[in-house]
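The values are calculated or read from the model by the stated rules, or taken from the named source; none is laboratory data. Here the structure is a predicted model, which is why all the values come from computation and not from measurement. Every residue, glycine as well, gets a Cβ built from its backbone with ideal geometry; the counts of neighbours run over all protein chains shown. Note: accessible area is taken over every heavy atom of the protein model, side chains too, but ligands, DNA and RNA are not part of it. Shrake-Rupley method; radii C 1.70, N 1.55, O 1.52, S 1.80 Å.
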Amino acid sequence: MERLFDSLLTQQRMQKHTIQRIEEKTLVAAVAGVWLDGRQVCNVALGWRDPLNSVPVSQDTIFRLASMTKPVTGTAVMQLWEKELIGLDDPISKWIPCYANMQIAAKIEGDNVVEVSPAQKEMTIRMLLTHSGGVGSGQICQLQYEDFCVSKYGSLAEAVDGYADSLLEFEPGTNQNYSGIQGMDILARIVEIVSDMPYEEYLKKNLFIPLGMKDTTYCPNEEQQERLMEMIVADGDFHAVDMSKGSGFADFPDGYTGGGAGLFSTLEDYSHLAMMFLNNGCYDGTHILKSSTVDLMATPQLPDSFPGIGPLFNWGLSMRVCSEQKAPEQPLSPGTFGWSGAYGTHFWVDRAKNLVAVYMSNIHNGMGAGAPTAFEFERDVMAGFGECE
């Protein structure tokens, strides 16, 4: 159905803001698109794939997704749930026994944990999908970073077994705080165990090939490396960042198939995943999820009064859900869902408006969901509906 949307206004705003940030050298490049009623209505590809060598960005430039890997992991988990191979309230120890008796950092003084207590409840799959399990989050995660950094491990399986020795930030299921890596890595490992397939192989067979995501991978091949966005710090000047030792973050081992981060993709590829969510689990005639499953993923899972949950956002299953529209800090429609990545990627799905928006950018100081570029892109798109100045 047709929507009242001023695509020219949004296109002009996207171009203006992108050019301004590139000229200020607070952004290197952006490739972004907006789809309404299944048709692309706005598209921008501006800036430099490699600014130090004046190589322009293009539509097929490959970006590091960082935490926009998480909705991929959430989709894989929910496929297994649909088949009744796992339950959302299954304890993690059902699949990985070493998680049965975790400890909580009960008291921290300065940089030291001075009191530890046993967790009274076990983390569940639902808790990890909603960042309410207490693993890999908050101050305790920062204090334990050197001990449990993924660079210490040779594989996802090794890392996840290692995480079981880390301390939790809080009693599972009593609070919400974002788990950047560990929570979703644990879920990816459960996908491996339950499916009896390496995680990337599972994703290729069940998501990437059916969705036509031909450039989405943990290990770009030689041809894809030629299209890979160079990692730059953009702080009023452009400074190169050496990412050669990792496949996502600089400290990722080569080929580490993380559930929380690590994938590479293009604007077109990721739009296929987003369109699948918009189309109730179906893309181009291929069913990835049931409509009811997408509904569940897009439904707030935690009470409004739950510690860590504010008035504007809640967590669905692996993605953030907008609770209340409050421009300019939250210009999106209630019920809109999606997520972001630490290097500047961002997307959302608005089923009320039949809209998908995807933003691809990579700078080392990108800031993820709190990035100025993410808010700016949201306002640019919503301005097309007359809902944002």
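Things to note:
- Across the options Gly154, Asn177, Tyr202, the greatest Cα extent toward the positive end of the charge dipole of the stretch 138-213 (unit charges at beta carbon of Lys, Arg, Asp, Glu) belongs to Tyr202.
- Each Lys or Arg adds one and each Asp or Glu takes one away; over the other residues whose Cβ falls under 15 Å from the Cβ of Glu200, this sums to -3.
- The spacing between the stretch 153-193 and the stretch 355-377, judged by their C-alpha centroids, is 26 Å.
- Residue with peak Gaussian network fluctuation, the chain [Cα springs, cutoff 10 Å], from Pro172, Pro334, Pro97: Pro97
- Cross-link check: pairs Lys94/Lys326; Lys16/Lys353; Lys121/Lys326; Lys70/Lys326; Lys94/Lys205 evaluated at a Cα-Cα cut-off of 31 Å; pairs beyond the cut-off: Lys94/Lys326; Lys121/Lys326.
- Cα-centred dipole magnitude for the chain, charges only on beta-carbon of K, R (+1) and D, E (-1), debye, nearest 20: 760
- Between the Cα long axis of helix 372-383 and the first principal axis of the chain there is an angle of about 50°, rounded to the nearest 10.
- Relative to the Cα centre, the charge distribution of the stretch 170-213, modelled as +1 at Lys and Arg Cβ and -1 at Asp and Glu Cβ, gives a dipole magnitude of about 140 debye.
- Among the trypsin sites (Lys or Arg not before Pro) in the stretch 42-138, those located in a DSSP loop and surrounded by at most 13 other Cβ atoms within 10 Å of their own Cβ are Lys83.
- Spin-label pair Glu23/Thr174, simplified geometry with 7 Å Cα→Cβ offset, distance in nm: 5.4
- Percent RCO, i.e. relative contact order, over the stretch 1-138, from Cα pairs under 8 Å lying at least 6 residues apart: 13
- Note: the stretch 70-202, Cα convex hull, 95 Å³ per residue.
- Among Leu332, Leu36, Leu129, the largest mean-square fluctuation in a Gaussian network model of the chain, built with springs joining Cα atoms closer than 10 Å, belongs to Leu36.
- Amide H contacts of Val321 (H built 1.01 Å from N, in plane; Pro and chain starts excluded): Asn314, Trp315, Gly316 sit under 5 Å, all sequence-distant by 5 or more or on other chains.
- The Cα-based radius of gyration and maximum Cα-Cα distance (Dmax) for the stretch 258-336 are 14.4, 41 Å.
- Percent carbon-and-sulfur accessible area, the chain, ignoring ligands, DNA and RNA, probe 1.4 Å: 49
- Relative contact order (percent, whole number), the stretch 237-319, Cα cutoff 8 Å, 6+ residue spacing: 14
- Virtual spin-label span in nm between Glu329 and Asp242, 7 Å along Cα→Cβ: 4.1
- Kirkwood Rh and Cα Rg combined as Rg/Rh, the stretch 199-339: 1.02
- Residues of the stretch 41-62 with amide N under 13 Å of the 7 Å Cα→Cβ point at Lys214: 60
- Our note on the geometry: Cα centres of the stretch 69-116 and the stretch 19-51, 36 Å apart.
- With 5 Å bins from 0: P(r) over the stretch 78-133, alpha-carbon pairs, percent: 4, 17, 20, 21, 15, 11, 6, 4, 2, 0
- The residues of the chain have, on average, 40 Å² of accessible surface per residue, using a 1.4 Å probe with all protein chains present.
- The value of relative contact order for the stretch 293-389, using C-alpha pairs under 8 Å at least six residues apart, is 19 percent.
- Of the GluC sites (Glu not before Pro) found in the stretch 1-87, those that fall in a DSSP loop while having at most 14 other beta-carbon atoms within 10 Å are Glu2, Glu84.
- Simple label model, 7 Å out from Cα along Cβ direction - His287 to Ser58, nm: 3.9
- Rg to Rh, two decimals, where the stretch 134-182 supplies the alpha carbon set and Rh follows Kirkwood: 0.96
- Highest-fluctuation residue, Val116, Val31, Val349 considered, GNM on the chain with Cα pairs under 10 Å: Val116
- Across the protein chains, with a 1.4 Å probe defining accessible surface, the residues Lys204, Lys214 rank Lys214, Lys204 from largest area downward.
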